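The block underneath contains the structure these notes are about, expressed in structure tokens.
Each value in this text was obtained by applying a stated rule to the coordinates, not by laboratory testing. Predicted model, so just to flag it, every value in this text is computed and none were measured. Using ideal geometry, Cβ is built from the backbone for each residue, glycine included, and neighbour counts are taken over all protein chains shown.
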Amino acid sequence: MTMRAGAATLGPVIVLALALGLLAGCGGSDGDGEDKDDPTTEPTVTEETSTEVAPTGYLPVPDGVTLTEPGAVLGFGDEATIAWRPRQDTVVALDLTVEKINETTYKESFEGWVISQQMKGQVPYFVHATATNVGPTDVSALLVPLYGLSSSASMYEPLDFQKEIFEPCPGGNLPEQLRPGKSADLCFVYLLPVDQQLDAAAFDLVGELPPITWTGEITPIEKPDKKKDKKKGRQGQQDG
């Protein structure tokens with residue numbers, strides 16, 4: 001069973017909020033209640049074959065696009081071809097690569113943002129990724145459903161920024177117009193409770209299919225070199 005934390009929305013500089021309601025995504029079913037040993041029950045071959053679905057065909061994609069096998073465990077820098085249905089009549093297909101995961105702090109990365117009391121008990125992580133549109137049409141401003149998978153197998157949705165751009169890590173929304181074959185750099189923000197640890201980035205597939213995950217060494221975010229920044233600033237003034 002996988003637990004999924006609710007989505008969060010970040011407003012402008014005035015407030016930064018996170019909804020942490022956990023939604024239990026319990027899988028499995030009890031079947032139709034038929035007695036398999038009942039001799040009066042006749043097996044139907046056509047029913048058995050008609051319900052079988054190829055794992056890599058979980059959604060319709062263009063010819064020449066092969067979706068990555070559900071449950072694939074990848075490393076940072078590995079590419080997966082994924083798809084999801086943001087609307088009933090739309091399927092988005094991307095080549096997605098998770099480049100790295102950084103653990104950070106509010107002091108290091110959230111300067112100028114109001115930190116709520118609830119957030120103080122959480123640890124921020126940045127997940128850097130690259131997405132390429134492999135579908136036949138433009139994709140516009142969609143949040144890629146990449147989750148943070150914790151040490152307790154809970155899935156946390158990325159923060160969704162609104163109105164104000166969060167400069168250190170702008171979020172997992174695709175550009176306003178991502179044309180077929182074009183790529184975009186993305187940065188997802190997750191907040192996890194202090195008693196949890198981010199183990200992987202995970203693309204959650206439809207139904208009961210296991211997610212595609214990216215794992216690797218999670219590193220502290222690199223602190224900006226203020227001395228270099230000041231030196232660049234002085235150099236720019238002299239050149240001007």
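Some notes on this structure:
- The distance separating the Cα centre of region 150-204 from that of region 205-220 comes to 13 Å.
- Checking the Cα-Cα distances for Lys100/Lys182; Lys100/Lys223; Lys120/Lys182 against a 27 Å cut-off, the pairs over it are Lys120/Lys182.
- Point-to-point label distance, Asp195-Ser116, nm (Cα→Cβ direction, 7 Å offset): 2.0 nm
- Val65 paired with Asp89, simple spin-label distance in nm, labels 7 Å along Cα-to-beta-carbon: 1.8 nm
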